[in-house]
Amino acid sequence: QKEVEQDPGPLSVPEGAIVSLNCTYSNSAFQYFMWYRQYSRKGPELLMYTYSSGNKEDGRFTAQVDKSSKYISLFIRDSQPSDSATYLCAMRQNSGGYQKVTFGTGTKLQVIP
Amino acid sequence: GAVVSQHPSRVICKSGTSVKIECRSLDFQATTMFWYRQFPKQSLMLMATSNEGSKATYEQGVEKDKFLINHASLTLSTLTVTSAHPEDSSFYICSAGSTGGRGNTIYFGEGSWLTVV
């Protein structure tokens with residue numbers, strides 16, 4: 001079983017839809033949770049970064065963490081064609097230094113005009 | 001703007017030569033940097049963890065003599081692909097762990113496309 005599971009998609013939605021991207025994980029030691037957006041042929045761009053359970057909102061993006069269920073989500077409201085990209089979840093432990101970050105495989109999102 | 005800079009963004013080299021890719025943290029000190037490789041339509045594959053002032057830690061299956069990593073300062077790590085071959089052609093990405101005002105998270109460089117001909 002992988003430490004982080006993420007549906008690779010592709011996920012196609014019409015413009016304006018609410019998008020829900022999800023990851024599950026098995027390592028209860030993960031404390032920091034990140035979402036990255038990667039356009040084709042570009043490096044990943046940090047979108048959201050959370051530490052605690054609950055919701056964190058930034059513009060059209062909301063990150064949700066449920067540590068009891070080991071489940072994280074990224075919601076995109078009013079999705080735009082420019083949101084079409086691969087979205088990677090990532091997580092790491094809190095062990096006093098920078099440990100290896102574990103990534104999901106990424107979900108490819110296509111927003112259709 | 002970018003907080004981690006990678007250079008060059010694209011490089012073409014002849015088979016058998018070596019090529020160096022630089023990764024710089026622009027406004028924070030990074031004691032740890034990471035190097036990834038990504039093939040088309042595939043996820044990131046961690047190659048090695050680069051620690052300032054010490055030897056890099058390589059992932060299983062990554063040839064440390066072929067992929068030389070140097071982390072000589074708190075803002076610079078380099079990846080040198082030695083005796084490059086066409087199968088080394090790939091997208092190489094670095095990332096750095098930030099501290100202080102940027103929070104405890106990981107930022108990525110823009111990536112470097114290597115083509116070996």
- Message: Using a Förster radius of 35 Å, what is the FRET efficiency between A:GLN1 and B:SER89 based on their Cβ-Cβ separation? Nearest 0.05, please.
- Response: 0.60
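With a 1.4 Å probe and every protein chain kept in, tell me what percent of the accessible surface of chain B is carbon plus sulfur. Could the numbers behind the result be given before it?
Values: 2790 of 5600 Å².
Here it works out to 50 percent.
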- Task: Binning at 10 Å from 0, report for the protein assembly as shown what percent of all alpha-carbon pair distances ends up in each bin.
- Result: 8, 32, 35, 20, 5, 0
- Message: Can you give me the convex hull volume of the Cα atoms of region B:4-49, divided per residue and expressed in Å³?
- Response: 111
- Item | Whole-Å distance, taken between Cα centres, linking region B:43-117 and region A:21-75 | 24
- Using 1/(1 + (r/R0)^6) with R0 = 30 angstrom and r between the beta carbons of B:ALA72 and A:GLN93, what's the FRET efficiency to the nearest 0.05? 0.65
- With the other protein chains left in place, how much accessible area per residue, in square angstrom, belongs to chain A at a 1.4 angstrom probe? 49
- Note on the structure: To the nearest Å², the heavy-atom accessible area per residue of region B:1-103 with 1.4 Å probe amounts to 50
- Order the peptides B:26-33, B:88-95 from the highest to the lowest mean number of other Cβ atoms within 10 Å of their residues. B:88-95, B:26-33
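Using 0.36 nm per residue, how much length does the chain from A:ALA17 to A:ASP58 gain when fully extended, once their Cα-Cα distance is taken away? Write out the running numbers ahead of the final one.
Working: separation 41, 0.36 × 41 = 14.76 nm, distance 1.72 nm.
Gain on extension, A:ALA17 to A:ASP58, equals 13.0 nm.
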- Accessible-area composition of chain A, carbon plus sulfur, in percent [1.4 Å probe]: 47
- Chains A and B: how much accessible area gets covered up at their contact, both sides added, probe 1.4 Å, in Å² to the nearest hundred? 1700
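The values are calculated or read from the model by the stated rules, or taken from the named source; none is laboratory data. None of these values were measured; they are calculated from a predicted model. Ideal geometry is used to build each Cβ from the backbone, glycine not excepted, and the neighbour counts take in all protein chains shown. When the accessible area is computed, the model is the full protein with side chains, heavy atoms only, and any ligands, DNA or RNA have been set aside. Shrake-Rupley method; radii C 1.70, N 1.55, O 1.52, S 1.80 Å.
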